[in-house]
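Colleague: The structure is given below, and queries will be raised subsequently.
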Amino acid sequence: MASKSQVWLWVGAAMSFVACTYCALWILSAASLASGYCGNEFSLFADEFRCRQVHVAILLTLGFGVLFSYFIWRAVRTVRRSAA
């Protein structure tokens, strides 16, 4: 039987995967919506937030991807430790 920590690690992994996928789709959406307005020149330090959205979404995607990897790594380690 899985312990509470194993369950929460898998729940955290699932939630961070959903957030990572959402942010990856946000990259595509923001780039297509702002391409005409920003002239395909996106920058993290642009004056308009619309031109910054692509880079913000990229950073969030990377952050949630790292968090997902951490949760998976910890969950697998916990399962292996409890099986031994």
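Since every read-out is calculated from the coordinates, none of them should be taken as a lab result. Remember, it's a predicted structure, so these values are computed and weren't measured experimentally. When we count neighbours, we look across all protein chains shown, and the Cβ atoms used for this are built from the backbone with ideal geometry, even at glycine.
Colleague: Give me the dipole magnitude in Debye, nearest 20, for the chain about the Cα centre, with unit charges on the beta carbon: positive for Lys and Arg, negative for Asp and Glu.
Modeller: Dipole about the Cα centre, nearest 20: 680 debye.
Colleague: Along the Cα→Cβ direction, 7 angstrom out, place labels at Ile72 and Glu41. What is the inter-label distance in nm?
Modeller: Once both label points are built, they end up 3.9 nm from each other.
Colleague: Round to the nearest 10 and give me the degree value, 0 to 90, for the angle of helix 4-38's Cα axis relative to the longest principal axis of the chain.
Modeller: 10 degrees
Colleague: Here is a follow-up. Roughly speaking, what % of Cα-Cα pairs in the chain are separated by over 17 Å, rounded to a whole number?
Modeller: 55 percent
Colleague: Can you list the cysteines of the chain that have no other Cys Cβ under 4.7 Å away?
Modeller: Flagged as lacking a Cys partner: Cys20, Cys23.
Colleague: Against the longest alpha carbon principal axis of the chain, how many degrees, from 0 to 90 and to the nearest 10, is the axis of helix 49-83 turned?
Modeller: 10 degrees
Colleague: Let me ask something else. Using a Förster distance of 22 Å, how high is the FRET efficiency between Arg80 and Met15, based on the Cβ-Cβ distance and rounded to 0.05?
Modeller: Values: r = 22 Å, r/R0 = 1.02.
It comes out at approximately 0.45.
Colleague: Also, quick follow-up: Farthest toward the dipole's positive end in the chain, which of Ala14, Ala75, Val54, given Cβ charges of +1 (Lys, Arg) and -1 (Asp, Glu) about the Cα centre?
Modeller: In the chain, that residue is Ala75.
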